[in-house]
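Step one of this worksheet: look at the structure below.
What follows draws every value from the coordinates through simple rules; no lab data is involved. All values derive from a computational prediction rather than experimental measurement. Every residue, glycine as well, gets a Cβ built from its backbone with ideal geometry; the counts of neighbours run over all protein chains shown.
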Amino acid sequence: MIDFFEVIRRAINGAYCAEQDFAMKILVPKLRGVIKKYGIRYDPDTAVPSDDNLADRVFEAGVELCAEVGCYCRDTSRIIRFSRDEIREALRDAPANPVFGEGRDRKAMTARRPESAEAPYCFVGAGGAISSAEEVYVRLVEGYGRNPLIDSVTCPTLTKINGMEVVAGSPLELLACIRSVELGRAALRRAQRPGLPIMNSIATAVTAAGKIAGSAFGLRDSDGWVIGFTSPLQVPFERLNEVAYVLARGGQVVGETGEAMGGYAGGPEGIAVTNVAYHILAILILRSSAHLTFPMDFRYGCNTSWEIMWPINVSTQAICRNSHLPLLNLTYVGAGPVTDMCLYEIAAAKVGRVASGGNIEFGGVAKAITLDHFTPMEPKFASEVAHAVAGMTRAEANDIVKKLVPKYRDRLPNPPKGKKFQEAYDWDSIEPCQEYVDLYGRIKDELTGYGLKFK
Amino acid sequence: MTDKKELLSKLQLAIIEGDAEEAKQAAQRCLDAGISPMAAVETGLRDGLRIVGEKFELLEVYLPEMIMSAEAGNAAMEVLEPALAAAGQIATSPGTVVIGTAKGDIHTIGKDILSMLLKLAGFKVYDLGEDVAATTFMEEARKLKADIIAISALMTSTMPGQRDVINLLKDVGQRDKYAVMVGGAPVTQEWADKIGADAYSETAAGGVMHALRLADREAGRNR
């Protein structure tokens, strides 16, 4: 596989293109072309297709899109392009079975296949959701660490430090990044899981400087470092700087991508094909040891709508059938804690994505934008559902998703925010309130009736 | 009469299909047939753009189609604008919007979609791009005689950039010159109220409704 210096060279010396021309004159027509050429058609009646041929055509379309379009570097207005041979080589040489964590919590993440009976890797926690105070942050992360199915944790975002609002690019961001790492590690020690990897790097970080400075206060090479592309198919120097840093210290990158349905990639077919192209670019450009993806439905700010299920599941199958780089699917739900909608959304998303071959990241509760509206219960539920789905066929998963989505689809435009962590949990014991325990049990019973086999 | 209706429909269709060349020719055919340039703008062009905006809401078309329709609209205006001027008429616009993403924020997709929907609704839109400083918002708004400043933020730590624009306008005594709209995934009505923004919307379509209301208010002030 070509090395990172060559990637940087192409970011600096690649073909010049105006930003809008890259999107409208290169990406959009090429994407439409490959969708047509490979006969990819959205099926509005199916959430989890079982068609291997369709999955493989989506993958081939994604490979062609990647080769024809490349990735745009905003800082230089240049296109980073790769030949088909370089892409094949990258898929051949991509890391397999990366190991994360320390001591008893050291574990390999594997590339699952559709309908695999192997339990998915569970990267769960806050999904970068926003917390109001350090005390809330610590209790949440300790709560996440108590989940026996967690393999790595995603910590929240700190919105304040010493009572001051965190401002991106200011010293407050840098200090809040340092504080985030210190608090995350302390909380995991309190949960008796000191070796658990913190995989979302530092959610509080906006700049590379914030992430790099914060990392010096407790992040480990074994943690896994989430670094993301920008839509559509773009990468700024800020992110490449982070890659350069992580590679130099021997860490492992988790390449993050999240295209918006309704944006430049268009509808379900475009999202599916673009997701594959991102997977390849995550190997080549971000030098990823795993790919984390979260296509979003722009209308609702989450990815549990009926229309977004097909592209996520079909591209998950495409990737999991044709690449050995592990894939994680991140779910954002519309509703908040202690609501049936939140749990139905999680179940619908995870049933389809795990049966399609994905590992999981969870989560973004209440769209991850409502202060303190997330608790340790939702990631616990997501990981239990994910384990219960292992071994399920895609056809069975499709039937279940078809039953679940109608339970909440009418509420997506205005989902209930539910309760704050402080309302849903006992502050001292970090245990959920009885109302949530009862609701959790009721929904699990319902899912058991649909065929999920909770361990 | 039917011919004129048909010609206007063809202009509308060219806009909906985002065919700039056809839109230009259809606009010329309207003028050649004696249709007033104002009618061509209002019935052919604007209605076409409005329909595209509605289709986006239903996910029948996406951002690229909106961009192509807006470009087709611009192409038609190249033909219609001189005719309007010759007739002593001016194409009305609800207002002028300066839009961008807050300082420190490099996310553009939400801003791009609102920007296109505003164009389809007839606004003059000046997109300042991403990572825009408060001073740039203020200076560009002054230069372009904007009615509205629209600021997007996708991260909690870039939301203060929205407040910085409002505070800067207050500090230099220009707050009442512009309506300020804020949006973006983590932005809430509570935040908008706290920083003294004039409008907030969770959705792009809602943003257009607010922009129309604010532009009307600004026009009322200037009357």
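Miscellaneous remarks
- Surrounding net charge for A:THR375, when Lys and Arg each add one and Asp and Glu each subtract one, Cβ distance under 10 Å: +1
- Cut-off of 10 Å, at most 13 other beta carbons, DSSP loop: longest stretch of chain A lacking such chymotrypsin sites (Phe, Trp or Tyr not before Pro): A:1-426
- Pair A:ASP45, B:ASP193: separation of 7 Å Cα→Cβ label points (nm): 4.8
- Cα gyration tensor shape for region B:96-222, rounded if a/c is under 1.5, else prolate or oblate: rounded
- The residue list A:TYR344, A:TYR450, A:ALA355 was ranked by how far each Cα lies along the charge dipole of region A:322-455 toward its positive end, using unit charges on Cβ atoms, and A:ALA355 comes out on top.
- C-alpha center-to-center spacing [region A:133-202, region A:41-95] in angstrom: 34
- Estimated distance in nm for a label pair at A:GLU89 and A:TYR16, the labels positioned 7 Å out from Cα along Cα-to-Cβ: 2.9
- Considering only chain A, percent of DSSP beta bridges that pair antiparallel, nearest 5: 30
- Sparsely packed GluC sites (Glu not before Pro) within region A:162-267, loop by DSSP, other Cβ within 10 Å at most 12: none
- Our analysis of region A:255-402 gives Rg over Rh at 0.94, with the two radii drawn from alpha carbon positions and Rh computed by the Kirkwood formula.
- Legend: mean number of C-beta atoms from other chains within 10 angstrom of residue C-beta atoms, peptide A:161-170, equals 4.
- Just so you know, the Rg over Rh for region A:152-202 is 1.02, from Cα atoms, with Rh as the Kirkwood radius.
- Those lysines that a straight Cα-Cα span of less than 26 Å connects to B:LYS10, excepting residues fewer than 8 apart in one chain: A:LYS25, B:LYS24, B:LYS55, B:LYS119, B:LYS124
- Estimated dipole of the protein assembly as shown in Debye, rounded to 20 [Cβ of Lys and Arg +1, of Asp and Glu -1, Cα centre]: 560
- Computed from the alpha carbon atoms alone, the convex hull of the protein assembly as shown holds 151 Å³ per residue.
- With eigenvalues of the C-alpha gyration tensor scaled by 5 and rooted, region A:325-455, Å: 23, 15, 15
- Positive minus negative residues near A:SER50 (Lys, Arg vs Asp, Glu; Cβ under 14 Å): -4
- Placing +1 on the Cβ of every Lys and Arg and -1 on the Cβ of every Asp and Glu, with no other charges, gives region A:337-455 a dipole of roughly 580 debye about its Cα centre.
- Against the empirical 2.2 N^0.38 Å (N residues), region A:99-450 has a Cα radius of gyration ratio of 0.90.
- Shielding value for B:149-159 is 5, the average number of Cβ atoms from other chains within 10 Å of each residue's Cβ.
- Kirkwood Rh and Cα Rg combined as Rg over Rh, evaluated for region B:85-149: 1.06
- In straight-distance terms, cross-link reach from A:LYS444 covers every one of the aspartates and glutamates whose alpha-carbon lies under 15 Å from its own, apart from those fewer than eight places away in the same chain; here that gives A:ASP340, A:GLU345, A:GLU378, A:GLU384, A:GLU435.
- As a proxy for reagent exposure, ranking A:LEU91, B:LEU212, B:LEU63 by other Cβ atoms within 10 Å from fewest up yields B:LEU212, A:LEU91, B:LEU63.
- Pairs over the 28 Å Cα-Cα cut-off, from the set A:LYS367/B:LYS194; A:LYS30/B:LYS5; A:LYS160/B:LYS145; A:LYS30/A:LYS402; A:LYS350/A:LYS417; A:LYS402/A:LYS453: A:LYS30/B:LYS5; A:LYS160/B:LYS145; A:LYS30/A:LYS402.
- Across all directions, the average flat footprint of the convex hull enclosing the Cα atoms of region B:2-86 is 4.8 nm².
- Total formal charge among the other residues, if their Cβ is under 14 angstrom from that of B:LEU49, Lys/Arg +1 and Asp/Glu -1: -3
- Computed on the Cα atoms alone, the convex hull of chain B gives a volume of 119 cubic angstrom per residue.
- Average beta-carbon neighbours from other chains, 10 Å sphere, peptide B:184-191: 3
- Residue-averaged 222 nm ellipticity for chain A, from DSSP H runs of 4+ at -39500 (n - 2.57), nearest 500: -13500 deg cm²/dmol
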